[in-house]
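Contents: one structure, followed by commentary.
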Amino acid sequence: MLKTSTSFFTWEENDLTLNILATAWAKQDTFWKVVGDKLKISVKKAAENWEATKYMLKFIAKSFWVSNKDVELLYWETSPNKAVKIKNPKIIPESLKNLIV
């Protein structure tokens, strides 16, 4: 099994795991910047009843060209600190290409 890891992401075979610092109520959905060992992701949705988390998972799926079921929340549904696994991402978003190799 091939496993490659760096500060905010880990490749395991063809799956990508991201450590995330999530923020809600943003003006736009965006992959923001690396903060310590996390990738800051901002989404427009309100942080109520897990709506922002659900919306963020859909944003990640769309950005990496995978289906919603291929993005798995690994932990912390209600915390801004999260980890997600993206199964076999089809692309790396342009804004992350210089960060994820």
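Taken together, the values in this text are just the output of simple stated rules run on the coordinates, not laboratory data. Keep in mind that this is a model prediction, so the values were computed, not measured. Please note: Cβ atoms are built from the backbone with ideal geometry, for glycine as well, and neighbour counts cover all protein chains shown.
Quick one: in the stretch 54-76, which of the residues that are assigned to a loop (DSSP other than H, G, I, E, B) and free of Cβ contacts under 8 Å to residues at least 24 places away in the same chain is surrounded by the fewest Cβ atoms within 10 Å (Cβ to Cβ)? So the residue we want is Ser67.
Of the residues making up the stretch 90-101, those that are out of contact with any helix residue (DSSP H, G or I) (no Cβ under 8 Å at 6 or more places or on another chain) and surrounded by 12 or more Cβ atoms within 10 Å (Cβ to Cβ) are Ile92, Ser95, Leu96, Leu99, Ile100.
Against the condition over 13 Å from the mean Cα position of the chain (by Cα) and touching a residue at least 60 places away in the same chain (Cβ under 8 Å), how does Asn88 come out, does it pass? The answer is yes for Asn88.
If you go through the stretch 24-66 and keep only what is more than 13 Å from Pro80 (Cα to Cα) and acidic (Asp, Glu), you end up with Asp29, Asp37.
Taking the options Phe59, Phe64, Phe8, name whichever one is of a type outside the set (D, E, K, R) and in contact with a helix residue (DSSP H, G or I) (Cβ under 9 Å, 6 or more places away or on another chain).
Phe64
On the stretch given as the stretch 77-101, residues that are in a strand (DSSP E or B) and farther than 24 Å from Trp25 by Cα total 0.
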